[in-house]
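In what follows, a structure is listed as structure tokens, so that the remarks can point back to it.
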Amino acid sequence: MAEPIDSVLVVFNPGSTGDAGPRAGRLRDELAAARPELPVTLRPTEHAGHAREIAREAARGTGRPLVVSASGDGGYNEVVNGIMDVPGTGAAAAVLAAGNANDHDRVVSRRPLTEAILDGRTEPIDLLELVLGDAEPRYAHSYVGFGLTPVVALQIENGGKGTLREVWTTLRAFWRFTPFDIEFADGQRRRIDNLVCANIGEMAKYAELAEGARPDDGRFEVVLLEHRPKWKQLAIAVRAALRGLGPQPATAEFRFTAIDPMPVQVDGEIDDVAAGSTVRVRCAAGALQVVR
């Protein structure tokens, strides 16, 4: 068990379409009322990537700060990577759900955040370490998705968020989607519709991808869906939403080569994988201290 936290830094985007700012303020007020001796600072972000810079700065300091991201999964990903930029740091992380996608908070949190912070103790969780070719590692707190997952996410970003818009955008992306080819180390090639390395068992608000998945067991689940007709893809999506896909294979590392260029979603962030890139996803067991 790590030492208790001794300060709290709440990072939020003041331009967010959600209620990140008000939620950050309420958290500060609740903590001040319960523990006035605990320093609590609010830090608004000013540009993309700023949350990572703020978290990195806090992680380089002294003591045992808790960096709270008042955001969705994407904003929290920035904070997590900022802390991971500083090996051996005493900093811990937490998320205050305030965005459109809050899969991590919904699945991992055990109690209200104020209560968890007042308890003061931290515990380790696993992260997913993604390496594309010779690039530096990137970390995900919840999932790394290839294929249909990032395609849909990108279309939702471009088409707007909100239940009806998201449904329409998802259906449109689904019908336009084309599969990707990948190759394993033994030379075997597979054409895939979707590939998700999952540190938690749920994503996209409704879908249960992997029964029994946990963020603290030293492994992650691999949900690999090979190419099939659209109606079969749709049937799998409906099953995931209504009753889940059941247990999935779990591993500590997964590797392949991208034959085609393909998108990747790291938590809420979208990026590109170049054709011919080697891809490695590894479980970084117990890499991050959190309150939850």
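The values are calculated or read from the model by the stated rules, or taken from the named source; none is laboratory data. These numbers come from a predicted model, not from an experiment. Cβ placement follows ideal geometry from the backbone for every residue including glycine, while neighbour counts extend to all protein chains displayed.
Numerical summary
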read-out: Any chance Ala93 is more than 25 Å from Glu253 (Cα to Cα), crowded, with 19+ Cβ neighbours inside 10 Å and not assigned by TED's automatic domain parsing to the domain that holds Gly276; value: no
read-out: Residue within segment 251-265 that is under 20 Å from Leu225 (Cα atoms), in contact with a Leu (Cβ under 7 Å, 6 or more places away or on another chain) and surrounded by fewer than 20 Cβ atoms within 10 Å (Cβ to Cβ) present; value: yes
read-out: Tabulated pairs, segment 43-60, first more than 16 Å from Leu96 (Cα to Cα), second hydroxyl-bearing (Ser, Thr, Tyr), C-beta under 6 angstrom, 6+ apart or interchain; value: Ala59/Thr89
read-out: Test: residue in segment 33-40 that is in a helix (DSSP H, G or I) and modelled with pLDDT of 95 or more; value: yes
read-out: Checking Met1 against (1) at pLDDT below 95; (2) closer than 20 Å to Glu269 by Cα, the condition it does not meet; value: (2)
read-out: Test set (1) at pLDDT 60 or above; (2) part of a loop (DSSP other than H, G, I, E, B) - Ile182 fails condition number; value: (2)
read-out: Test: Asn81 is within 19 Å of Ile270 (Cα to Cα) and out of contact with any helix residue (DSSP H, G or I) (no Cβ under 8 Å at 6 or more places or on another chain); value: no
read-out: Test result for Glu129, under 25 Å from Leu42 (Cα atoms) and either under 14 Å from the mean Cα position of the chain (by Cα) or part of a helix (DSSP H, G or I) (or both); value: no
read-out: The one condition in (1) more than 23 Å from Ile200 (Cα to Cα); (2) in contact (Cβ under 8 Å) with a residue 24 or more places away in the chain; (3) part of a helix (DSSP H, G or I); (4) not aromatic (Phe, Trp, Tyr) that Gly82 fails to fulfil; value: (1)
